[in-house]
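Read through the structure below, which is laid out as structure tokens, and then see the notes.
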Amino acid sequence: MAERSGERRGERTVPISEAAAILGISKDAVRMRVKRGTLRSEKRDGRVYVHLNDVPDADADADPNALVDDLRDQVAYLRGQLDVRAEEIRRRDIIVSQLTQATSNLTDRLRELTEGDAPTDTPAPSPASSEPSETASETAANASPGPRPPAGGTGAQNGSERMGWWRRIFGG
């Protein structure tokens, strides 16, 4: 290439599009570098040319074996990343499946409870009546100072509180 006026030894003057390809960046990025003054440029024939110092041609000095080795390393790295992502996706699929099953079970149980419960006027037996009674030593050990609630529940419970939460929310 014949040296143009203003060009220095080891420097090439190229259009913005070619400079972008050589530098591996976008044309807009080259324009911004020219605007900031980090790349020297000149305007000729209505076009902007960029001065690139000692930028070797990508094809001229490339060692094919080094490029192949580099590409193999990149492929191995990307395969490893794919394996990691596949394992993450597998774990998430298991979690989604478990949550879907749990939701289905809870929906079925809620349906059973809402369809199977008819309002009754008699109070339901307290959970304490189904448990074996405490011995005198356990009662003394569990006793706390101060007033104790009555033996059938908390005393604050009334008929509406014994109803299931779904009936309080949705009526019934």
1/(1 + (r/R0)^6) with r = Cβ-Cβ of Ser26 and Gln98, R0 = 45 Å, i.e. FRET efficiency to nearest 0.05, evaluates to 0.45
Counting only residues 5 or more apart in sequence or on a different chain, those whose built amide H sits under 5 Å from that of Arg40 are His51
Computed from the beta carbon distance with a Förster radius of 22 Å, FRET efficiency for Arg168 and Glu115 to the nearest 0.05 stands at 0.80
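Throughout, read-outs are computed from the coordinates displayed, never taken from laboratory work. Computed from a predicted structure; not experimentally measured. In this analysis, Cβ positions are derived from the backbone assuming ideal geometry, glycine residues included, and neighbour counts consider all displayed protein chains.
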